[in-house]
1. For the stretch A:124-173, how many residues meet the condition of being assigned to a helix (DSSP H, G or I) and either within 14 Å of chain B (Cβ to nearest Cβ) or more than 20 Å from the chain's Cα centre (by Cα) (or both)?
2. Would a scan of the stretch A:101-119 turn up a residue that is outside any helix (DSSP H, G or I) and touching a Lys or Arg at 6+ places or on another chain (Cβ under 9 Å)?
3. Within the stretch B:145-152, can one find any residue that is modelled with pLDDT of 95 or more, touching a Phe, Trp or Tyr at 6+ places or on another chain (Cβ under 8 Å) and more than 14 Å from chain A (Cβ to nearest Cβ)?
4. If you check B:LEU4, B:LEU37, B:LEU32, which single one turns out to be within 18 Å of B:PHE80 (Cα to Cα) and hydrophobic (A, V, I, L, M, F, W, C)?
5. Condition first: among the charged types (D, E, K, R), under 20 Å from B:TRP102 (Cβ atoms) and free of Cβ contacts under 8 Å to residues at least 12 places away in the same chain. Now tell me which residues in the stretch A:12-61 satisfy that.
6. So A:PHE53 passes all but one of these: (1) in a helix (DSSP H, G or I); (2) aromatic (Phe, Trp, Tyr); (3) within 13 Å of chain B (Cβ to nearest Cβ). Which condition number does it fail?
7. Looking only at residues in the stretch A:81-99 that are within 13 Å of chain B (Cβ to nearest Cβ), in contact (Cβ under 8 Å) with a residue 40 or more places away in the chain and within 19 Å of the chain's Cα centre (by Cα), which one is surrounded by the most Cβ atoms within 10 Å (Cβ to Cβ)?
8. For A:VAL19, state whether it is at pLDDT 95 or above, assigned to a loop (DSSP other than H, G, I, E, B) and either surrounded by fewer than 16 Cβ atoms within 10 Å (Cβ to Cβ) or within 14 Å of another protein chain (Cβ to nearest Cβ) (or both).
Amino acid sequence: MATPVKVYGPPLSTAVCRVVACLLEKDVEFQLISLNMAKGDHKKPDFLKIQPFGQVPAFQDEKISLLESRAICRYVCENYPEKGNKGLFGTNPLAKASIDQWLEAEGQSFNPPSSALVFQLALAPRMNIKQDEGVIKQNEEKLAKVLDVYEKRLGESRFLAGDEFSLADLSHLPNAHYLVNATDRGEILTSRDNVGRWWGEISNRDSWKKVVDMQKQQHSP
Amino acid sequence: MTTLIKLYGAPVSTCTARVMTCLHEKAVDFALVPVDLFSCEHKQPPFLAKNPFGQIPVLEDGDLTLFESRAMTAYVAEKFKEAGTDLIRHHDLKEAALVKVWIEVESQQFHPAIAPIVYEYFVAPIQGKSPDQGVIDANLEKLSKVLDVYEAKLSSAKYLAGDFYSLADLHHLPYTYYFMKTPCASIISERAHVKAWWEDISSRPAFNKVSEGMNFGEK
């Protein structure tokens, strides 16, 4: 029986839960080793050995140590092809390429403005950092343009890459979840008919609900 | 009979260059279909049908149409994995995984810091703006921290994913090429291992074929 893979990082981290969601979809047993980032666990020499940028997550299985959530997700899909959701990263090269382009779009176009907004609106107040209205406005505009493209696409297709839920949709879950649940700007997603429909579907997946439960358990009252 | 791959883009474009370099490394024939950026061809409906984000490049291979340059290089490197340079190390699980890691490092750490600097020096002037020193300085600071990690990595291996050239190194070529023409180039050349790595990867014939066409705003 295989040893569970290890994921290092707090479940509240968007990048950590991207990986956790993928492992749950793929039915790959894992152990989440939480880090106390407030205490600087992620900057300690032992951690820097496996993640030289001092960021979360890091990942280890029997063979290798990895960093970068989207690289970890691709690795999990390619190295455990027969487990769980077999089509998560496509079952043939054309499907995989179609999913990959939307995964890249998430990383290049959706992630930067949504991350900035999550930081400004949800995290900065908790960290007693002053919000920057200019940054908020700029990123709202950027994100709106991206979501206009998504709105059109999701009117033509049930999920981003086609009729099936894929790694591309999954990759959006963490930031979108915070936008909808931890800021007052959730309507940027929910007020768009097709994007709203898509958000409802992807956030209702069992795998994502488990991630949300894990986050609630970690969040101290 | 295989169809000829079509790449819609422009020779000066960093992301088009990224894909062309990969195609050359794999010795794959392709046709570059010019897209007229100045007349905003990439924002018009026929092009938007290929890439709804209105950006170049776009790759067509038979019935498959792709956007996002890094999805294109991944597709080409895998489809033609037995031809040309081995860019993805598919015979070795560990090497292949490390290539994936450093591809994402370029995408998520290096690119967000270098792209705004290249934009300020090369694109802003075309739009009649002066380079924004605040943006440049903020991103130089970020890029320096990333390059510190690269310097440490490249002191123990010749290339980013190991002692072999890979897609991870290739992805750095186009933006760094333009960056080296700016007053900020010293942050590369003052790091001995990063400098040696840059000189090595930028002298590869596949890239030289592409960099010939990368004359952005120069006479």
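1. Let us first name the residues in the stretch A:124-173 that are assigned to a helix (DSSP H, G or I), namely A:133-156, A:167-173.
Within this subset, residues satisfying the condition of being either within 14 Å of chain B (Cβ to nearest Cβ) or more than 20 Å from the chain's Cα centre (by Cα) (or both) are A:133-139, A:141-156, A:167-168, A:171.
Qualifying residue count for the region: 26.
2. no
3. no
4. Working: B:LEU37 fails: within 18 Å of B:PHE80 (Cα to Cα); B:LEU32 fails: within 18 Å of B:PHE80 (Cα to Cα).
B:LEU4 is the lone residue from the list that is within 18 Å of B:PHE80 (Cα to Cα) and hydrophobic (A, V, I, L, M, F, W, C).
5. A:LYS49
6. (1)
7. We begin by selecting, within the stretch A:81-99, every residue within 13 Å of chain B (Cβ to nearest Cβ); these are A:81, A:89-90, A:92-99.
In the following step, the residues that additionally are in contact (Cβ under 8 Å) with a residue 40 or more places away in the chain were identified as A:89-90, A:95, A:98-99.
Checking the rest, the ones that are also within 19 Å of the chain's Cα centre (by Cα) come to A:89-90, A:98-99.
Values: A:PHE89: 24, A:GLY90: 21, A:SER98: 21, A:ILE99: 28.
Here the answer is A:ILE99.
8. For A:VAL19, the condition - at pLDDT 95 or above, assigned to a loop (DSSP other than H, G, I, E, B) and either surrounded by fewer than 16 Cβ atoms within 10 Å (Cβ to Cβ) or within 14 Å of another protein chain (Cβ to nearest Cβ) (or both) - is not met.
The values are calculated or read from the model by the stated rules, or taken from the named source; none is laboratory data. Note that the structure is a prediction, hence the values are computed from the model and not measured. All Cβ positions, glycine included, derive from the backbone under ideal geometry; neighbour counts span all protein chains shown.
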